[in-house]
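Comments concern the structure below.
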Amino acid sequence: MSGRSGRISPIDQMISNGKRLTLIDLSDRLSNATTSFELNPHRIEYHDHQDGARQVEILGIDKTYFPNQEGWATETVTLSTHAGTHVDAPYHYGPTTNGQPARTIDQVPLHWCYGDGVVFNMTHKSAGEGITERDLQKELDRIDYTLKPFDIVLVHTGASKHFGTPGYAFKQPGLTKEAVEWLLDQGVKLIGIDAWGIDRPLDQMAAEAKAGKVQFWEAHLVGRTREYCQIEKLCNLDLIPISHGFKVSAFPVNIAEASAGWSRVVAIIDEEI
């Protein structure tokens, strides 16, 4: 794969009919170089055009039937549905939600996954620190915004700068149980974060749970009584130039009965010029 490892800009713009459309990629880029930090490692096998040319032999022809004897390129990817940027379904949190079978990713309503976005700047929070209901309310006061049903909340912690490095999964602040419940009270159905998970780091919560201080996995477990989805492993939230007034597209891949689906999450800013 030499010569094909470059990345395009996460910001794409087009101008048409007196309007500027800005698309900001909020999705981390999976590669074999990013697998070592994952608790669920992934693997990408690349099959180049020479490999593809050989595959046609099962049809009774050979590579000479392709221009330059080069066929198709393909990849074989082995990964968890929770690798890379993804949307968690209610089924991830437990088998039921409020006593009813929890929805899997193929059952999540599409209108939950496209809507008005709101960025909460929580970069002042340290790794392991809890993001509270009061923190969220103070940020709303600062940006002069009131949440409405089906807003898509994006929590900017700055932890995405550690993506692809050792210990990435343990370097974020996280939402508390009360913070998630408060967001759901406002009608929010999709909460995203630029970190490995929406909770505080698993190792810290495990230590505190053993000491009898907290409920392990507390933010996720809200989903066993209140239906909602999460986006994890976002990035580039710092590139969104406004705290609200933009759209978010976060449609997950349609996987039967799965607890999550990978998503190319994009912030969309549509403005007159």
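The values are calculated or read from the model by the stated rules, or taken from the named source; none is laboratory data. Because the structure is predicted, anything quoted here is derived from the model rather than measured. Neighbour counts run over all protein chains shown; Cβ positions are idealised from the backbone, glycine included. Accessible surface is based on the protein model in full, side chains and every heavy atom, while ligands, DNA and RNA are left aside. Shrake-Rupley method; radii C 1.70, N 1.55, O 1.52, S 1.80 Å.
Here the simple spin-label model places points 7 Å from the Cα toward Cβ, and for residue 142 and residue 181 these points are separated by 2.5 nm. Loop-located trypsin sites (Lys or Arg not before Pro) across the range 196-263 with a Cβ neighbour count of 11 or fewer within 10 Å are 213, with loop assigned by DSSP. For the range 40-162, taking Cα atoms only, Rg and Dmax work out to 23.3, 69 Å respectively.
Close amide H partners of residue 131, meaning residues 5 or more places away or on another chain with modelled amide H under 5 Å apart, are 174, 175, 176.
Over the range 147-216, what per residue volume does the convex hull of the Cα atoms give, in whole Å³?
Cα convex hull per residue, to the nearest whole number: 76 Å³.
For the range 187-273, applying the loop criterion from DSSP together with a ceiling of 11 other beta carbons within 10 Å to the GluC sites (Glu not before Pro) yields 257. Placing dummy labels 7 Å off each Cα toward the beta-carbon, the span from residue 216 to residue 110 is 3.9 nm. Counted residue by residue at 0.36 nm each, then reduced by the alpha carbon distance between them, the extension gain from residue 57 to residue 33 reaches 5.4 nm.
Surface composition of the chain: carbon and sulfur make up 51 percent of the accessible area, probe 1.4 Å. The residues of the range 83-229 expose on average 42 square angstrom of accessible surface per residue, using a 1.4 Å probe on protein heavy atoms.
Here the contact order of the range 33-111, divided by its residue count and restricted to Cα pairs under 8 Å and six or more residues apart, works out to 27 percent.
Think of the range 207-273 as having a plus end and a minus end, set by charges on the Cβ of Lys, Arg, Asp and Glu; of 207, 223, 236, 207 sits farthest toward the positive end of this dipole. Note on the chain: with a GNM built from Cα contacts shorter than 10 Å, the maximum mean-square fluctuation among 228, 46, 91 falls on 46. For residue 19, the aspartates and glutamates whose Cα falls under 12 Å of its own Cα, not counting residues fewer than eight places away in the same chain, are 270, 271, 272.
Working from label points 7 Å from Cα in the Cα-to-Cβ sense, the residue 161 to residue 207 distance is 2.3 nm.
Pairwise Cα separations in the chain fall into 10 Å bins from 0 onward with the following percentages, short to long: 7, 26, 32, 20, 10, 4, 1.
Accessible area of residue 92 (1.4 Å probe, protein heavy atoms only, ligands and nucleic acids ignored): about 50 Å². Taking a Cβ cut-off of under 13 Å around residue 246, the surrounding Lys, Arg, Asp and Glu residues balance to a net charge of -2, with basic ones at +1 and acidic ones at -1. For the chain, the longest principal axis of the C-alpha atoms and the axis of helix 133-143 are separated by about 80°. For the range 111-119, putting each phi into the Karplus relation 6.51 cos²θ - 1.76 cosθ + 1.60 with θ = phi - 60° gives couplings of 5, 6, 9, 9, x, 6, x, 9, 9 Hz, in residue order, rounded to whole numbers and with x for Gly and Pro. Only helices enter this figure: runs of n ≥ 4 DSSP H residues, each worth -39500 (n - 2.57), summed and divided by the residues of the chain, yield -4000 deg cm²/dmol at 222 nm to the nearest 500. Largest GNM mean-square fluctuation across 48, 203, 185, computed for the chain with C-alpha springs under 10 Å, falls on 48. The local environment of residue 40, defined by Cβ-Cβ distances under 15 Å, has a net charge of -2 under the rule Lys, Arg +1 and Asp, Glu -1.
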